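One structure is given below, encoded as structure tokens.
The values are calculated or read from the model by the stated rules, or taken from the named source; none is laboratory data. What you see is a predicted model; the values in this text were computed from it and never measured. Here the Cβ positions follow ideal geometry from the backbone for every residue, glycine too, while neighbour counts run over all protein chains shown. Just so you know, the surface numbers come from the protein's heavy atoms only, side chains and all, with ligands and any DNA or RNA stripped out. Shrake-Rupley method; radii C 1.70, N 1.55, O 1.52, S 1.80 Å.
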Amino acid sequence: MEKLNEIILKRLKTMPPLDCTVVPGSTPVVAFGRFRSAKVATISLNPSYREFDIVKDKRRFHNLKSLGLSRYEDINENHMNQVLDYCERYFERPGIVYKQWFNSISSFLKGSTDYDYYDGTACHLDLSQWATSNIWGKLNSKQKKALTSTGDLELLAEIIKHSQIHTLFLNGVTTSKEILKYFGIKHEVILLRPYNKIEGYIAHTDEILGVKIGRTIKLIGWNAYIKYSGKDSIKLLSEWVRKEMEYIVK
């Protein structure tokens with residue numbers, strides 16, 4: 001088994017932390033989309049509990065029950081492959097995408113960079129792979145620490161290391177600040193618009209969370225949240241992102 005799969009299997013076998021509102025029986029969401037071949041990734045804090053809703057009799061992701069298990073430690077390579085199949089085909093399985101979250105950023109990403117979740121050139125990752133009933137902003141510092149102490153950060157770093165990803169996108173001020181803080185990366189702040197302030201964040205790194213990834217990747221973030229931004233703000237950000245991507249070899 002290749003090293004990344006060994007790390008994924010170890011992660012899947014890990015029990016969720018207590019008192020962190022983790023969706024009961026949920027499996028860690030390793031990634032959304034073709035993370036092994038994607039060239040760019042959006043990255044956020046953790047998956048929504050909505051990802052474990054039943055949608056038109058279909059599951060977005062496996063849970064212990066759908067795998068025929070009652071304990072995380074019983075997950076084996078076969079179960080891992082089932083979990084990864086749903087992760088990698090997330091944007092390919094008709095009717096299951098949580099569009100309220102993904103559609104706006106998908107449209108922005110395709111319009112600004114020509115990369116797309118739906119053709120496999122982009123994927124989505126999270127700081128913690130546990131889906132929680134409470135959103136990240138409503139979790140306390142103890143809960144956040146517990147959620148990222150179950151192998152989540154190690155797995156995130158290894159996914160990026162073993163992928164073809166050259167750019168990470170951070171959508172919104174909370175995500176940008178949290179990711180940059182966890183990664184411990186110095187970044188540049190660019191004022192894109194002084195009124196109704198729009199800021200951009202740029203950083204470069206050759207390591208993620210202490211893991212050397214063997215290449216330099218670029219992080220591009222912004223303080224506006226695409227889903228709730230007006231057309232003028234989205235246009236401004238889109239033009240800026242496209243310019244920042246000009247010198248990246250696709």
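Summary of computed values
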{"item": "DSSP bridge pairs, the range 4-152: antiparallel proportion in percent, nearest 5", "result": "45"}
{"item": "Karplus-derived HN-Hα couplings along the range 28-45 (A = 6.51, B = -1.76, C = 1.60, θ = phi - 60°), whole Hz, x at Gly and Pro", "result": "x, 8, 4, 5, 10, x, 7, 5, 6, 10, 4, 9, 9, 9, 7, 9, 10, 9"}
{"item": "Whole-percent pair-distance distribution, where bins are 10 Å wide, for the alpha carbons of the chain", "result": "7, 32, 38, 19, 4, 0"}
{"item": "Other-chain or far-sequence residues with amide H under 5 Å of Ala38's (modelled H)", "result": "Gln164"}
{"item": "Check: the chain dipole with +1 on Lys, Arg Cβ and -1 on Asp, Glu Cβ, in debye", "result": "460"}
{"item": "Heavy-atom accessible area per residue - the range 5-144, 1.4 Å, Å²", "result": "44"}
{"item": "Carbon plus sulfur fraction of accessible area for the range 108-177, probe 1.4 Å, in percent", "result": "51"}
{"item": "Per-peptide average of other Cβ atoms within 10 Å, ordering 61-74, 85-98 highest first", "result": "85-98, 61-74"}
{"item": "Proximal aspartates and glutamates to Lys99, defined as alpha-carbon separation beneath 18 angstrom and excluding residues fewer than eight positions away on the same chain", "result": "Glu51, Asp53, Asp57, Glu88, Asp116, Asp119, Asp126"}
{"item": "Computed magnitude of the charge dipole of the range 82-125 (debye, nearest 20; Cβ of K, R +1, Cβ of D, E -1)", "result": "180"}
{"item": "Rounded accessible area of Lys138 (nearest 10 Å², 1.4 Å probe)", "result": "150"}
{"item": "Table column - 3J(HN,Hα) (Hz), the range 150-160, Karplus curve with 6.51, -1.76, 1.60, x for Gly and Pro", "result": "10, x, 4, 5, 4, 5, 4, 4, 6, 4, 5"}
{"item": "Within straight-line cross-link reach of Lys10, aspartates and glutamates at Cα separation under 14 Å, skipping those fewer than 8 residues along the same chain", "result": "Glu2, Glu73, Asp74, Glu77, Asp152, Glu154, Glu158"}
{"item": "Set of lysines with alpha-carbon distance to Lys186 below 17 Å, sequence-local pairs under 8 removed", "result": "Lys177, Lys212, Lys218"}
{"item": "Solvent-accessible area of Leu192 with every protein chain in place, 1.4 Å probe, in Å² to the nearest 10", "result": "40"}
{"item": "Rounded percent of accessible protein surface that carbon and sulfur make up, the range 18-84, 1.4 Å probe", "result": "46"}
{"item": "Sequence of Trp136, Trp101 from largest to smallest accessible area, 1.4 Å probe", "result": "Trp101, Trp136"}
{"item": "Approximate spin-label separation Ile135-Ser70, in nm, with each point projected 7 Å along Cα-to-Cβ", "result": "3.7"}
{"item": "Positive dipole terminus of the chain, leading residue within Gly25, Pro47, Ser229 (C-beta point charges)", "result": "Ser229"}
